[in-house]
1. Short version: ³J(HN,Hα) in whole Hz for each residue of segment A:6-13, in order, from phi by Karplus 6.51 cos²θ - 1.76 cosθ + 1.60 (θ = phi - 60°), x for Gly and Pro, what are they?
2. Using a 10 Å cut-off around each Cβ, can you sort B:TRP96, A:TRP35 from fewest to most neighbouring Cβ atoms?
3. So what are the ³J(HN,Hα) numbers for segment B:84-97, from phi and the Karplus equation (6.51, -1.76, 1.60; θ = phi - 60°), rounded to whole Hz, Gly and Pro as x?
4. In nm, to one decimal, how far is the modelled label at A:LYS77 from the one at B:GLN83, with both set 7 Å along Cα→Cβ?
5. Compute the Rg to Rh ratio over chain B from the alpha carbon atoms, using the Kirkwood formula for Rh, and round to two decimal places.
6. Report, in debye and to the nearest 20, how large the dipole of the protein assembly as shown comes out about its Cα centre when Lys and Arg carry +1 and Asp and Glu carry -1 on their Cβ.
7. Let me have the relative contact order for segment B:1-89, percent, based on Cα pairs under 8 Å that are six or more residues apart.
8. R0 = 35 Å: FRET efficiency of B:SER62 with A:THR110, Cβ-based, nearest 0.05?
Amino acid sequence: AQSVAQPEDQVNVAEGNPLTVKCTYSVSGNPYLFWYVQYPNRGLQFLLKYITGDNLVKGSYGFEAEFNKSQTSFHLKKPSALVSDSALYFCAVRDINDYKLSFGAGTTVTVRA
Amino acid sequence: GAGVSQSPSNKVTEKGKDVELRCDPISGHTALYWYRQSLGQGLEFLIYFQGNSAPDKSGLPSDRFSAERTGGSVSTLTIQRTQQEDSAVYLCASVWGGGGTDTQYFGPGTRLTVL
């Protein structure tokens with residue numbers, strides 16, 4: 001079985017401040033981890049993924065995420081948030097032996113000017 | 001087009017009617033997924049197609065739901081005798097290889113409202 005938890009329903013930050021969106025996961029084997037962003041009335045857009053290798057993954061729009069195996073976490077980060085980063089963010093995990101992604105419930109990020 | 005497309009973008013129907021939702025995947029992508037996103041919920045897996053293999057229908061919530069994929073490309077999700085609890089955004093995603101490392105690319109979704 002595989003699952004993802006996003007412990008925060010909402011994250012509010014001021015523009016220019018660091019942004020962190022938390023994600024923890026559970027899989028029976030090695031995980032493949034993904035972050036997606038969803039803007040209003042749009043589909044999900046891929047941000048980044050961790051498959052293997054360097055624990056720090058860099059993705060689109062200045063986002064990065066750090067894979068921490070001991071803490072089973074894959075937190076999304078951005079050093080300096082923009083108002084345009086306001087959106088719904090989803091973390092997802094897939095076990096190495098599965099083809100189905102399991103998604104978290106999502107975290108709504110609001111960046112205030 | 002470069003991305004996954006879905007139609008219609010919005011569908012309003014009356015309880016008891018049948019609806020068909022269409023997904024056009026990225027050309028060359030062999031795998032296709034359908035998900036349901038209900039208000040305030042994450043994405044719920046519905047069905048998975050990979051090439052010519054039998055689809056994984058394990059996520060379909062009832063026998064009122066069915067899907068097919070013609071010619072390994074376009075897919076149609078059909079909901080018969082719609083109920084109000086079927087109201088949600090239905091998302092389609094396609095993948096080049098279908099393997100664990102491959103990224104799913106999503107369409108914009110179809111917002112279904114059952115009155």
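1. Karplus-based 3J(HN,Hα) across segment A:6-13 equals 10, x, 10, 6, 9, 10, 10, 9 Hz.
2. Working: B:TRP96 15, A:TRP35 27.
Sorted ascending by nearby Cβ count, the order is B:TRP96, A:TRP35.
3. So the Karplus estimates, Gly and Pro as x, are 4, 6, 7, 4, 4, 9, 9, 10, 10, 9, 10, 9, 5, x Hz.
4. It is 4.6 nm.
5. Values: Rg = 13.4 Å, Rh = 14.1 Å.
Radius of gyration over Kirkwood radius for chain B works out to 0.95.
6. Details: 20 positive and 20 negative charges, 37 e Å.
Roughly 180 debye for the protein assembly as shown.
7. Values: 147 pairs, mean separation 28.6, N = 89.
Relative contact order comes out at 32 percent.
8. Details: r = 36 Å, r/R0 = 1.04.
Efficiency at R0 = 35 Å is approximately 0.45.
Each value in this text was obtained by applying a stated rule to the coordinates, not by laboratory testing. For clarity, every value in this text was computed on a predicted model and none was experimentally measured. Note that we place each Cβ from the backbone using ideal geometry, even for glycine, and neighbour counts take in every protein chain shown.
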